[in-house]
Amino acid sequence: MQVFYSINTLQDYLKVQRKKGKSLGFVPTMGALHEGHLSLIEASKAENDLTICSIFINPTQFNNSQDLAVYPRTLEADCEMLETVKCDVLFAPNAHDMYPTLPNLKFDFGDLERVLEGKFRPGHFNGVGIVVSKLFNIVQPNSAYFGQKDLQQCAIIKRLVIDLSYNLKLNICPTQREKDGLAMSSRNKNLTPEQRKNAPEIFNALQKAIELLKIKKPASAVKGFITSHLDNIEGIEVEYFEISDFETLQPVNELSERKTALCIAAFMGKTRLIDNVIV
Ligand code: AMP
C-alpha cells in the first residue's frame with residue numbers, strides 16, 4: 001500500500017494513475033478502522049482499479065472538544081487492516097495541510113440538517129460539508145463509498161454532490177454489525193465492558209420499533225415506548241429516537257409506501273452511539 005501524508009504528493013501520484021486510465025474509488029474515514037470501514041474498501045476494490053482510503057480526524061465536524069479529544073487514534077493498526085484488504089493507497093494528511101487557515105465558508109443544508117444529528121450537533125454538517133468537498137477536490141475520485149450507518153451524512157453528501165456538480169458516483173453501503181447486532185463504530189472502542197454488554201439493546205430496540213409500527217402503533221406511541229424502555233436500561237441515555245422519511249429525513253407519523261428510517265442516538269456514559277434501520 002502506498003501511503004501519502006501530504007496533499008501535493010498524493011495529487012502528483014493520482015495524476016499519473018488517471019493518465020494511465022485507472023478508475024479511482026475513494027473511501028473517506030476518520031480511522032480507528034473496523035470491519036464496517038473494510039466493507040467500503042472491498043466495495044470500492046470490486047468496482048475500481050485503484051482504491052484510496054483517507055484517514056483524517058476532521059476537527060471542523062466536532063461540535064464538542066471533549067469528543068474530539070477522546071476520538072480513538074490507531075494509525076498503525078489501521079495500516080495493518082488496510083493491508084489485509086489490499087487497499088492501494090492511504091491518504092493521512094495532517095490538520096495543518098488540510099486547514100492552513102480555518103475556512104469561513106458555511107454550508108447550510110436546509111431542512112435536511114435541522115433534524116436528527118444536525119439538530120443535536122450544531123455545526124457538524126457544516127464541518128462534514130467542508131471536509132468532504134475538500135477531499136473530493138483533492139482526490140477527484142470516479143466513485144466514493146459511504147456507510148448507511150451515518151444515514152443523514154449520506155443524505156447531506158448526496159445534496160453536496162448535486163449542488164456542487166461533483167462528477168462522481170456515490171455508493172451507500174449497508175451497516176456492518178457485530179454478531180449481537182451492535183453497529184460497528186470506532187466509538188465502540190471507548191465502551192467499558194459493562195457498557196459494551198448493554199450496547200446491543202439499541203439495535204434490539206430498533207427491531208422492536210419496527211414490529212410495533214408494522215402492527216400500526218402510531219409513531220408518537222412507539223417513540224415514547226422505545227425511549228423509556230432504553231432509558232430504563234442501566235447506562236443508556238437516549239438523545240433522540242425519530243421515525244423519519246428516508247429521503248427527506250423529516251418525521252412521519254406512520255409507515256407508508258415510502259421508505260421509512262428509524263434513527264437513534266444514545267449516550268453510554270460519555271460515548272455517543274448512533275444507529276438506524278430502514279423499513
Ligand atoms: P468514520 O470513520 O466513522 O467517519 O466512517 C467512515 C465511513 O465508514 C463513513 O462512510 C461511515 O458511514 C462508514 N461506516 C462507519 N461504520 C460503519 C458500519 N458499521 N458499517 C458500514 N459503514 C460504516
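Numbers below:
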read-out	value
Within region 150-173: backbone nitrogen closer than 11 Å to the Ala46 label point (7 Å, Cα to C-beta)	173
Full-extension gain in nm, Leu255 to Val279, via 0.36 nm per residue minus C-alpha separation	7.8 nm
Cβ-based charge dipole, the chain, positive-most Cα from Leu40, Pro218, Leu10	Leu10
Hz values of 3J(HN,Hα) by residue in region 143-155 - Karplus curve (6.51, -1.76, 1.60), Gly and Pro given as x	9, 10, 10, 10, x, 5, 3, 9, 4, 5, 4, 4, 5
Relative contact order of the chain, defined on C-alpha pairs under 8 angstrom at six or more residues apart (%)	18
Under DSSP loop assignment and at most 11 Cβ neighbours within 10 Å, longest GluC sites (Glu not before Pro)-free interval of the chain	1-233
For the chain, size of Cβ-based charge dipole, Lys and Arg +1, Asp and Glu -1, in debye	480
Where labels lie 7 Å past Cα in the beta-carbon direction, separation of Ala95 and Asn167 in nm	3.5
Value of Rg/Rh across region 186-278 [Cα atoms, Kirkwood radius]	0.99
Linear extension gain, Glu35 paired with Lys86, 0.36 nm per residue minus alpha-carbon span	17.0 nm
When region 21-148 is reduced to its Cα atoms, the Kirkwood hydrodynamic radius in Å	15.6
Only Lys, Arg (+1) and Asp, Glu (-1) charged, at Cβ; region 186-278 dipole about Cα centre in debye	200
Selected from Gly31, Ala209, Leu164, residue furthest toward positive end of dipole (the chain; charges at beta carbon)	Leu164
Of the trypsin sites (Lys or Arg not before Pro) in region 13-67, those whose Cβ has at most 10 other Cβ within 10 Å and which sit in DSSP loop	Lys20
Filtered trypsin sites (Lys or Arg not before Pro), region 79-151: DSSP coil and at most 11 other beta carbons within 10 Å	Lys86, Lys106
For region 28-127, size of Cβ-based charge dipole, Lys and Arg +1, Asp and Glu -1, in debye	440
In nm, spacing of pseudo-spin labels at Arg73 and Arg177 (7 Å Cα→C-beta vector)	3.4
Fraction of beta bridges assigned by DSSP in the chain that are antiparallel (%, nearest 5)	50
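Computed from the coordinates by the stated procedures, all read-outs in this text should not be read as laboratory data. Computed from a predicted structure; not experimentally measured. Glycine also receives a Cβ, built like all others from the backbone with ideal geometry; neighbour counts cover every protein chain displayed.
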